[in-house]
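Just so it is clear, none of the values below were taken in a lab; they were calculated from the coordinates. A quick note: this is a predicted structure, and the numbers were derived from the prediction, not measured. Please note: Cβ atoms are built from the backbone with ideal geometry, for glycine as well, and neighbour counts cover all protein chains shown.
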Amino acid sequence: MVWNPRDHDAPTRVVDLDHAATTRLRPEARSAMEPFLADRYGNPSGIHAAARDALRALDEARERVAGVLGCTPGEVVLTSGGTESDVHAVSGGMPPRPGVPVCAAAEHHAVLRTVEALDGRVVDVDAAGRVDLDALGGTLESLASADRGASVVSVALANNELGTVVDLEAVASVVRRTAPGVPLHTDAVQAAPWLDLRVRSAPASLVSVSGHKFGGPRGSGVLVVRGGVELRPLLPGGGQERGRRSGSVDVAGAVGLAAALEAASVERSTVVERVGGLRDRLVGRLLGADVGVRRTVEPTDGLEVLPNFAHVRVPGVEVEPLLYLLDEAGLRVASASSCSSGAHRASHVLEAVASAGAVVDGAALRLTLGPETTADDVDHAAEVVVGVVGYLLDRRSGGRTPAASGGRR
């Protein structure tokens, strides 16, 4: 049945398929944080009992984070989130690390724009959004031969729009061969809830994680800085975080992040299997409907995608009315990453994969499931998407779309 907005008032049901943008605060994180939002408010930089209590909590949180990420507690730098972690890793702090930063064309804007601001090099990706290893090696060799060596190589473990996963060890091998000694950074923000970072991020010297992607508080993040990597402070000041990141540490945020990260790690194998099955069910229902929905990245041997990601295209439909009507129907989705979805223009990720031969015509939808997503949620979401797309296709010739008619009835 074709969905019609005239048949619907405000939605009685809301389904969130935008978990790549943010997640609900986990109960474990909330419980861990509550004491530090009330009576245990000491500053860990002080010397009295309340300060020592805060410092102990901070040390315990750092140990828990290190256990999940596969590093030592001293390698954990607590930050305000993924963007700060990315900018710090790529720049090397203030002043920036000498040399030329290098990243892939489909990186998160926090990486890409930092590389561009520092006159760095951007390397092509393949049609799935993964860095082109030959192009990366050629770029690093070119910089070395020009006596303008690379300062850092930044490649995300999983793309934040398509969900495609890179072979980080293969990337590290290219860096070791063509630019020995240059640190490898990976943005593991999207990967953290779904992949074992102890193993999958191990080839990287610098690893970025953001708390709110796995049920931790917003405004909390981590930058892993493995031994031997030089890092100046991005924020100079009082010398907190072993001189790498100044400012009074948010103890509540740190303990909340640690609790959420640990909880996500404990349940990962079970959640990955269940959510991966639901994602496949969702994609199957969308592709099986007669409304022209297509995968953005076709599955092939050797292609790994995060289990909660479904990225599809709808040829013949404009993205603005599609997003408007899906929201009106109570379905939360995205068209690009959460940092740029308000712009409603072709994302740099889709432009990058199109340059490599991917077909990206039509409206793009990023549907991302979470640990609490149910089969009923998926079935309802598929019905809504198919109905709304059918409605828009019916109205494609002539008439005004509801997006142009002035808001909710």
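To the nearest 0.05, what FRET efficiency results for residue 242 and residue 12 with a Förster distance of 41 Å applied to their C-beta separation?
Approximately 0.20, to the nearest 0.05.
Compute for the stretch 69-132: radius of gyration divided by Kirkwood radius, i.e. Rg/Rh, restricted to C-alpha atoms, rounded to two decimals.
Taking Rh as the inverse mean 1/r over Cα pairs, Rg/Rh reads 1.02.
Which one of 19, 36, 105 is farthest out on the positive end of the charge dipole of the chain, using unit charges on Cβ (Lys, Arg +1; Asp, Glu -1) and the Cα centre as origin?
36
Given +1 on the Cβ of Lys and Arg, -1 on the Cβ of Asp and Glu, and no further charges, what dipole in debye does the stretch 27-264 carry about its Cα centre, rounded to the nearest 20?
540 debye
Taking every DSSP beta bridge with both residues inside the chain, roughly what % is antiparallel (nearest 5)?
In the chain, approximately 60 percent of DSSP beta bridges are antiparallel ones.
Suppose every K and R has +1 on its Cβ and every D and E has -1 on its Cβ; what is the size of the dipole of the chain about the Cα centre, in Debye to the nearest 20?
Computed about the Cα centre, the dipole is about 640 debye.
Once you keep just the Cα pairs under 8 angstrom separated by 6 or more residues, what percentage relative contact order results for the chain?
In percent, rounded to a whole number, it is 23.
How high is the relative contact order of the stretch 27-264, given as a whole-number percent (alpha carbon pairs under 8 Å, six or more residues apart)?
Reported relative contact order: 27 percent.
If I fit a long axis through the Cα atoms of helix 319-328 and take the longest principal axis of the Cα atoms of the chain, what angle between them do I get, 0 to 90°, rounded to 10?
The two axes meet at around 90 degrees.
If each residue's Cβ is checked for other Cβ atoms within 10 Å, how do 257, 58, 303 rank with the fewest at the top?
Exposure proxy ranking, most exposed first: 303, 58, 257.
If packing is taken as the average count of other Cβ atoms within 10 Å, what order do 98-108, 200-210 fall into, highest mean first?
Descending packing order for the listed peptides: 200-210, 98-108.
Go ahead and estimate [θ] at 222 nm for the chain from helices alone: -39,500 (n - 2.57) per DSSP H run with n ≥ 4, summed, over the residue count, rounded to 500.
Only helices count here, giving -12000 deg cm²/dmol.
Which FRET efficiency value, to the nearest 0.05, do you get for residue 31 and residue 132 by plugging their Cβ-Cβ distance into 1/(1 + (r/R0)^6) with R0 = 51 Å?
The formula returns an efficiency of 0.65 here.
Which trypsin sites (Lys or Arg not before Pro) from the stretch 8-68 combine a DSSP loop assignment with at most 14 other Cβ atoms within 10 Å?
13, 24
Over all directions, average the projected area of the Cα convex hull of the chain and note it in nm².
21.1 nm²
Out of the stretch 83-171, which trypsin sites (Lys or Arg not before Pro) are coil in DSSP terms and have no more than 14 other C-beta atoms within 10 Å?
148
Test of understanding: what is the full-extension gain from residue 148 to residue 396, defined as 0.36 nm times their sequence separation minus their Cα-Cα distance?
That pair, residue 148 and residue 396, stretches by 84.0 nm at full extension.
Charges on Cβ only, +1 for Lys and Arg, -1 for Asp and Glu, centred on the Cα centroid of the stretch 27-264; of 67, 246, 264, which one is farthest towards the dipole's positive end?
Farthest towards the positive pole: 246.
Between residue 47 and residue 173, take the C-beta separation as r, use R0 = 41 Å, and let me know the FRET efficiency to the nearest 0.05.
E between residue 47 and residue 173, to the nearest 0.05, is 0.30.
Compute the acute angle (0 to 90°) between the alpha-carbon long axis of helix 251-288 and the principal axis of greatest extent of the alpha-carbon atoms of the chain; round to the nearest 10°.
Approximately 30 degrees, to the nearest 10.
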